[in-house]
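These notes are about the structure you will find just below.
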Amino acid sequence: KQEVTQIPAALSVPEGENLVLNCSFTDSAIYNLQWFRQDPGKGLTSLLLIQSSQREQTSGRLNASLDKSSGRSTLYIAASQPGDSATYLCAVHGADGLTFGKGTHLIIQP
Amino acid sequence: ETGVTQSPTHLIKTRGQQVTLRCSSQSGHNTVSWYQQALGQGPQFIFQYYREEENGRGNFPPRFSGLQFPNYSSELNVNALELDDSALYLCASSLGRTGGETQYFGPGTRLLVL
């Protein structure tokens, strides 16, 4: 059974810092890995999707990497802004659908 | 905006009742998936439908059932509600069946069972 772990569970940093969120998964047989953002009480917004054959994806200030063999992904956020404050969820897509981690709750202090 | 809508936004029920939640997928998306997100947790996969047939199921009891319709709408039905069913219910649509495509999530329905 696939298990996804996200570290840290919570993070609070001053505005402007670069930061890294970590995701690990136990079963490397995946179609893809997706990073989502969730604002309080809201649905999920897809940030980046990395296919199993890819190593990284970039969108604006966000960069996600995937090392399928070691079961790890990182989400790098450059020059953080208060508007980046949210919960960030990592999900791996396998034969049993999407398996999510519990998320990293991120607060960017103005 | 993902183009995926859900109704209602909030719902309060009592234990033992039945509830139906609705989702409207993006036009052309043949796959819809449903997830349950308890407070402070990541979403848990309930089941997936592809072209009106169940195409995968997570670890949820049979009192969780679904339907998918040809007009890209779908329903999640929960019978004999329990207190632990209180959660945010999310639906997601995608183009294909195999799972390599991006899933687009709706805003969710928050269910409270008293």
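The values are calculated or read from the model by the stated rules, or taken from the named source; none is laboratory data. Small disclaimer: the values here were computed from a predicted structure and weren't measured. We place every Cβ from the backbone using ideal geometry, glycine too, and count neighbours over all the protein chains shown. For accessibility, only protein heavy atoms count, side chains too; no ligands or nucleic acids. Shrake-Rupley method; radii C 1.70, N 1.55, O 1.52, S 1.80 Å.
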**Fill in**
Phi angles of the stretch A:57-63, converted by Karplus (6.51 cos²θ - 1.76 cosθ + 1.60, θ = phi - 60°) into ³J(HN,Hα) in whole Hz with x for Gly and Pro, give 9, 10, 8, x, 7, 9, 9
**Prompt:** Points 7 angstrom from Cα along the Cβ direction at B:ARG22 and A:SER69: gap in nanometres?
**Reply:** 5.1 nm
**Request:** Would you work out which of A:SER70, A:SER28, A:PRO8 lies farthest towards the positive end of the dipole of chain A, given +1 charges on the beta-carbon of Lys and Arg and -1 on that of Asp and Glu, about the Cα centre?
**Result:** A:SER28
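Only four residue types carry charge here, +1 at the Cβ of Lys and Arg and -1 at the Cβ of Asp and Glu. Report the dipole size of the protein assembly as shown about the Cα centre in Debye, rounded to the nearest 20.
Details: 16 positive and 18 negative charges, 37 e Å.
So the dipole magnitude of the protein assembly as shown works out to roughly 180 debye.
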**Complete:** Of the accessible area of chain B, computed with a 1.4 Å probe and all protein chains kept, carbon and sulfur make up a percent value of 50 percent
**Item:** Segment A:LYS1-A:ARG55, length gained on full extension (0.36 nm per residue, minus Cα span)
**Value:** 17.1 nm
**Item:** Accessible solvent surface per residue of the protein assembly as shown, calculated while the other protein chains remain in place, 1.4 angstrom probe, Å²
**Value:** 48 Å²
**Fill in**
Two pseudo-spin positions, 7 Å from Cα along C-beta at A:ALA95 and at A:ALA9, lie apart in nanometres by 3.2 nm
